[in-house]
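Reading through the structure tokens given below for one structure.
A short reminder: the numbers here are calculations on the coordinates, not readings from a lab. Everything quoted here is computed from the prediction, not taken from an experiment. Virtual Cβ from ideal backbone geometry, glycine too; neighbours counted across all protein chains shown.
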Amino acid sequence: MQNPSRFSITKRLLFPYSGEDPLTLKQSLRVVLAWALLFSLPLALCVLALTALKGYSAQRMITGVMFAFLSAAISFGLLSMLIVVMSNRAARIRQAWKAQNGRS
């Protein structure tokens, strides 16, 4: 596996794995959490700024921010799970291919 510090900062945050080996449960959860938080927080902050500029009440601001954060967290969490599943599948196929062809 490559040294993670050789990856760009974006890759280190979002998917710091080479794809040679399937991700463990801990690594998979880290990817899902990183995606859910790193994409949801800026969206929620943008909604907060927009609702503050519009002069909405505190209750309406909180509702808007929570809706934005939760919907983005769910969306990006599901997308990251799909990426983890497909990455693990590709790694297993690669390992099987290498085992079949006698390469390591």
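Residue pairs whose Cβ atoms lie under 6 Å apart, separated by 6 or more positions or on different chains, with the first residue in the range 43-57 and free of Cβ contacts under 8 Å to residues at least 40 places away in the same chain and the second part of a helix (DSSP H, G or I) and of a type outside the set (A, V, I, L, M), are 44/69; 47/64; 51/64.
Sort out which residues of the range 8-38 are in a loop (DSSP other than H, G, I, E, B) and under 25 Å from residue 98 (Cα atoms), and write them in order of number. Residues satisfying the conditions are 15, 16, 17, 18, 19, 20, 21, 22, 23, 24. Of all the criteria given as (1) part of a helix (DSSP H, G or I); (2) touching a Gly at 6+ places or on another chain (Cβ under 8 Å); (3) more than 24 Å from residue 18 (Cβ to Cβ), the one not satisfied by residue 56 is (1). On the basis of being under 15 Å from the mean Cα position of the chain (by Cα) and either closer than 19 Å to residue 91 by Cα or of a type in the set (Lys, Arg) (or both), does residue 39 make the cut? When the stated conditions are applied, residue 39 does not pass them. Within the range 53-84, the set of residues being surrounded by 13 or more Cβ atoms within 10 Å (Cβ to Cβ) and of a type in the set (Val, Ile, Thr) comprises 62, 63, 65, 83, 84.
Annotation note: of 10, 24, 51, the sole residue that is of a type in the set (S, T, N, Q) and in contact with a helix residue (DSSP H, G or I) (Cβ under 7 Å, 6 or more places away or on another chain) is 51.
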